[in-house]
Amino acid sequence: MTALLAGELRRMWSRHLVRIVIGLALLGIAITGVIVAVRSSPEVGADPRFPLTMLPDILKGTSIPLIIAGWLLGASFIGADWRVGTITTLLTWEPRRTRVIVAKVVACSVFVFALAIAVQAVLGGILGLDAAFRGTTEGVDATWLRETSGVAVRAATLASVASVIGFAVASIGRNTAAALGAGFAYLAVIENLVRGLRPGWQRWLFTDNAAVFITGGDVSFTFERTMLQALVLLAAYAAALFAVGVVMFRARDVN
Amino acid sequence: MAVIEVEGLRKEYRSRRGRTLAVDGLDLVVPEGGVFAFLGPNGAGKTTTIRCLLGLVRPTAGRCRLLGAETPKDLSTVIRRVGSIVETPTFFPRFSGRLNLELLGRLHGIGRKAVGDVLERVGLADRADYLVKTYSLGMRQRLGIGAALLKDPEVLILDEPANGLDPAGIKEVRELLRRLGSEGRTIFVSSHILTEVQHTADRVAILSRGKSVASGPVGEVLAAGRSAGLIVRVDDMAGGLEALRSAGISASPDDHAIRVMLPPEEAATVTRTLADRGLYLTELRPDEVDLETVFLELTRESPKEPSP
């Protein structure tokens, strides 16, 4: 299992899409850093001065692209296997299909989590430099650090959960496009329909629970849910979809 | 001991367009050692059978056993002893050939040295560190053969291993198969190119429309495929034909010669009959039956159409 997992992590790291995502993230961070530096005034008392205490809110905002990237990386990881046919080669070496798919999803979710943490760390570092040289670090203390780390870990966790869901849907549909299409249909159509027609069901929607989890319940909702409850619900969705993916992967022909 | 056993294997694919019967009650026994050729035209069910053996496809009915283990249920207990290629081998295109093999090898504790040796053996040593996406079809096929050999397997299951190879590569594969077979391994090789296996295989099974239409040692299949005969050539073809027929010997014209329906050991009867009439042979040889002839006859005569 360790060799299988190591191989999948290696493959994940070498993916072209991963390089593109990292490149885009670094570009976005660099542009953000420059804009903040230009707009922020280094002089005390001047307005606006970029305060590093804003970082948790910025990280909350970046959680959305991280979730989308997680979904995309998860879906395309298994989707590419089906498209290229490498799953056949792998199964002739390791025929225990449950092991194979579990190793893949673990590698994918761990990688996405680590990537999300790294991206946020780089963003935090750049903005820290902006604050140090052209803004202010006032209010940066242990409480702030705890809050910021909490948001970063929660955003990375959500990206990881999204990668598992993307992976599971692509496993069921056997290609990346199926997962991306399903994701778009869910977010653009189903969630909006539910909000419009069945407001009481809003408590079960992915984005609402994701918002509760990431904000720590700061935003006002029509329902009450703790951060932990939201996480458990989202993890349950991911686990259920993955379980369906495993059952189908075990039962299907690999042609 | 049978290395591969297939009993009543049936595989039906369902799609929106209906059902396709790929394998129809196939029985097959592959004994230990030597090269077993699994022949059949395209669409005969060879690849589906191999996929069933390797647990990639679930049979609709019947059972498969590989090295005594039921597949797919117990396949993992014997997979270390089985090397395989299924159709065109697929590898991670953004990894080098070497890394692809190393990652596969690690699954069974196979080290880098073995990978290097295998790459040398299949003639990829100088391109081992290039990305697979830069490989030609033939190079990918060689890498596939390398992957199949990497476990130093007792059984090799090779589905059309010469696909995409140039004539020199096909010859190399043929020699490799012969060598591996002589080492005591069991080589189960499917093909629709008969020259690829004719002089390599010890045993053969011919598949047509999902069913085995002939199976056994190559000599037996050839003998059963077409009656023995002699090819005779004389200057006066019409006279020779008449002389043989009037002596009660069954004979017929055959491509500027006469085909006589007598076994080769009765050649003396033919020479005597013709010499008695003053007709002297310019050629007398056994009518050798090749695998291609038997294959074409057997696969053409198979009566059943696949289910729609």
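A short reminder: the numbers here are calculations on the coordinates, not readings from a lab. Computed from a predicted structure; not experimentally measured. Backbone-built Cβ (ideal geometry, glycine too); neighbour counts: all protein chains shown.
If you plug each phi of segment A:57-68 into the Karplus form 6.51 cos²θ - 1.76 cosθ + 1.60 with θ = phi - 60°, what whole-Hz ³J(HN,Hα) values come out, in order, with x for Gly and Pro?
Residue by residue, segment A:57-68 yields 5, 5, 5, 4, x, 6, 5, 5, x, 5, 5, 4 Hz.
Test of understanding: ordering B:HIS192, B:HIS199 by Cβ neighbours within 10 Å, fewest first, what list do you get?
Ordered by Cβ neighbours within 10 Å, fewest first: B:HIS199, B:HIS192.
Name the residue, out of A:GLY135, A:GLY85, A:GLY183, whose mean-square fluctuation peaks in a Gaussian network model built on chain A with Cα pairs under 10 Å.
A:GLY85
Holding the Cα-Cα limit at 30 Å, pick out from B:LYS46/B:LYS113; A:LYS104/B:LYS151; B:LYS11/B:LYS171; B:LYS73/B:LYS133 the pairs that are longer than that.
In this structure, B:LYS46/B:LYS113; B:LYS11/B:LYS171; B:LYS73/B:LYS133 exceed 30 Å between Cα atoms.
Could you compute the longest span of chain A free of chymotrypsin sites (Phe, Trp or Tyr not before Pro) located in DSSP loops and having at most 15 other Cβ atoms within 10 Å, not counting the site residues?
Of all site-free stretches, the longest is A:1-220.
Could you work out [θ]222 nm for chain A from helices alone, using -39500 (n - 2.57) per DSSP H run of at least four and dividing by all its residues? Round to the nearest 500 deg cm²/dmol.
Taking each H run of at least 4 residues, the total per residue is -26000 deg cm²/dmol.
If you build a Gaussian network model of chain B, linking Cα atoms that sit under 10 Å apart, which residue out of B:LEU150, B:LEU26, B:LEU131 swings the most?
With Cα springs under 10 Å in chain B, the top fluctuation among B:LEU150, B:LEU26, B:LEU131 is at B:LEU131.
Which far-off residues, 5 or more places away or on another chain, put their amide H under 5 Å from the one on B:VAL204, with H placed in the peptide plane?
Excluding prolines and chain starts, which carry no amide H, the hits are B:ALA37, B:GLY216, B:VAL218.
Please report the spacing between the Cα centers of segment B:82-96 and segment B:252-273 in Å, no decimals.
When both Cα centres are located, 52 Å separates them.
Neighbour counts of other C-beta atoms within 10 Å: give me B:MET1, A:MET227 arranged from fewest to most.
Details: B:MET1 9, A:MET227 17.
Lowest to highest Cβ neighbour count: B:MET1, A:MET227.
How do B:LEU149, B:LEU56 rank when sorted from fewest to most other Cβ atoms within 10 Å of their own Cβ?
Ranking B:LEU149, B:LEU56 by Cβ neighbours within 10 Å, fewest first, gives B:LEU149, B:LEU56.
In terms of the ratio Rg/(2.2 N^0.38 Å) built on C-alpha atoms, what value belongs to the protein assembly as shown?
Cα-based Rg divided by the globular estimate yields 1.37.
Defining a contact as two alpha carbons under 8 Å apart and six or more residues distant in sequence, what relative contact order in percent does chain A show?
Relative contact order comes out at 27 percent.
Taking only DSSP H segments of four or more residues, each worth -39500 (n - 2.57), what value at 222 nm results for chain B once the sum is divided by all its residues, to the nearest 500 deg cm²/dmol? Don't skip to the answer; put the middle values down first.
Numbers: 9 runs with 96 residues, N = 308.
Theoretical 222 nm ellipticity from helices: -9500 deg cm²/dmol.
First select every other residue whose beta carbon is under 15 angstrom from the beta carbon of A:LEU129; then total the charges, Lys and Arg +1, Asp and Glu -1. List each step's numbers first, then the result.
Working: positive: A:ARG39, A:ARG49, A:ARG134; negative: A:ASP130.
Once all neighbours under 15 Å are counted, the net charge is +2.
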